[in-house]
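Heads up, the thing below is written out as structure tokens.
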Amino acid sequence: MLSYRHSYHVGNHADVLKHIVLTLCIESLKEKEKPFLYLDTHSGAGRYLLKSEHAEKTGEYLSGINLLWQQSNIPELLKTYISILRRYNPFDELKYYPGSPLIAKQLLREQDKLNLTELHPSDYPLLRQEFSKDKRTTVLREDGFAQLKSKLPPQSRRGIILIDPSYEIKDDYQKIPAALFEAYKRFATGIYLIWYPVVSRTQTQKMIDGIVNLGIKRISQFELAIKPDNNQKGMTASGMIVINPPWKLHEQMRTVMPWLKSTLDTEKTGNFLIKELVSE
């Protein structure tokens, strides 16, 4: 049940898209002084060594963050994301990749709060160690989906919620619409980020349709495909469903996505999607 380790897939094209969207959304919340909560349902280990046995076995980062790292013409909108990477890699070599919790850790202010959950027995201690001295942060070894009930709404009534399970457990595709419905009932003004892989387009689309049919307003989709859909094993694309997107996000992604596709889609067989699924 808990065999998935993100260390095999760290820094791939899906991580890059997810963390760019996350960074832009966090930065938008910081435009107001009022504090907010960052809630991460499936946090992982926090920090990953790209030269580890796991990462080297798949080499997925080589066609992901490694391609961005080599670029000199980084778009202005990506400079905050890249600056976080440079804090963990102060020299030219790309050695470490920060997961979502560490990106949030670098971006959040003193008045903000982080709530992180991870069930994996190997990753949880690593995550806890990363945040052992951070008084803003609560790290729990609990079911991430359960946090959407127990931790919402935040006291500040402002927040960003990242939901990114491994989807190794196929029930995750069914769990997400139901969990979102419960979360939204409690906290309708939060920014919800739902990451998804495209391994089976049919399965992914069924989940997206389930989210659209919840009756929730203001839902957007941002997807990056490196390969065309196919029936072979492996992920061809990934995306982010964003509920209550910041008002600038569509415009920002219209700038970012063409550059991202050009940089990561080396075989020129993919595409990208920016779509409003449900309006106001």
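Things worth noting here:
- Hits in the stretch 57-85 (condition: among the charged types (D, E, K, R) and under 26 Å from GLU251 (Cβ atoms)): GLU76, LYS79
- Counting only helices (runs of 4 or more DSSP H) wholly contained in the stretch 1-113, the ones carrying 3 or more residues that are at pLDDT 95 or above and surrounded by fewer than 19 Cβ atoms within 10 Å (Cβ to Cβ) occupy 79-88.
- Condition check for SER220: touching a residue at least 24 places away in the same chain (Cβ under 8 Å), closer than 30 Å to GLU267 by Cβ, of a type in the set (Ser, Thr, Tyr) and surrounded by 18 or more Cβ atoms within 10 Å (Cβ to Cβ): yes
- If you filter the stretch 218-243 down to residues that are among the hydrophobic types (A, V, I, L, M, F, W, C) and in a loop (DSSP other than H, G, I, E, B), you find that the one that is farthest from the chain's Cα centre (by Cα) is ILE226.
- Unmet criterion (only one of (1) surrounded by 14 or more Cβ atoms within 10 Å (Cβ to Cβ); (2) in contact with a Phe, Trp or Tyr (Cβ under 6 Å, 6 or more places away or on another chain)) for GLN252: (2)
- Within the stretch 141-176, being without any contact (Cβ under 8 Å) to a residue 60 or more places away in the chain, out of contact with any Lys or Arg (no Cβ under 9 Å at 6 or more places or on another chain) and more than 21 Å from MET235 (Cβ to Cβ) holds for GLU142, ASP143, ALA146, SER150.
- Residue in the stretch 268-275 that is loosely packed, with under 15 Cβ neighbours inside 10 Å and more than 25 Å from LEU24 (Cα to Cα) present: yes
- Matching option when the condition is touching a residue at least 40 places away in the same chain (Cβ under 8 Å), out of contact with any Phe, Trp or Tyr (no Cβ under 7 Å at 6 or more places or on another chain) and of a type in the set (D, E, K, R), among LYS79, LYS51: LYS51
- Hits in the stretch 181-233 - residues which are of a type in the set (Ser, Thr, Tyr) and within 23 Å of MET253 (Cβ to Cβ): TYR184, THR189, TYR192, TYR196, THR204, SER220
- Taking the stretch 139-153 as the range and being in contact with a strand residue (DSSP E or B) (Cβ under 6 Å, 6 or more places away or on another chain) and surrounded by fewer than 19 Cβ atoms within 10 Å (Cβ to Cβ) as the test, only GLU142 passes.
- Some residue of the stretch 159-171 being modelled with pLDDT of 95 or more, farther than 14 Å from THR41 by Cβ, surrounded by 14 or more Cβ atoms within 10 Å (Cβ to Cβ) and not small (Gly, Ala, Ser): no
- One residue stands out in the stretch 242-264 among those that are among the aliphatic types (A, V, I, L, M) and either at pLDDT below 95 or in contact with a strand residue (DSSP E or B) (Cβ under 8 Å, 6 or more places away or on another chain) (or both): the one that is nearest to LEU24 (Cα to Cα), namely LEU249.
- Within the stretch 219-254, tally of residues that are touching a Leu at 6+ places or on another chain (Cβ under 9 Å) and basic (Lys, Arg): 1
- Considering the stretch 189-217, the residues that are more than 19 Å from the chain's Cα centre (by Cα) and among the small types (Gly, Ala, Ser) include one that is nearest to THR41 (Cα to Cα), namely GLY210.
- Residues in the stretch 130-140 that are over 18 Å from ARG109 (Cβ atoms) and in contact (Cβ under 8 Å) with a residue 40 or more places away in the chain: GLU130, VAL139.
- Each residue in the stretch 119-130 was checked for being at pLDDT 95 or above and either among the hydroxyl-bearing types (Ser, Thr, Tyr) or buried (at least 22 other Cβ atoms within 10 Å of the Cβ) (or both), and 2 of them qualify.
The values are calculated or read from the model by the stated rules, or taken from the named source; none is laboratory data. Quantities reported herein were computed from a predicted structural model and do not represent experimental measurements. Note: ideal-geometry Cβ built from the backbone for every residue, glycine included; neighbour counts use all protein chains shown.
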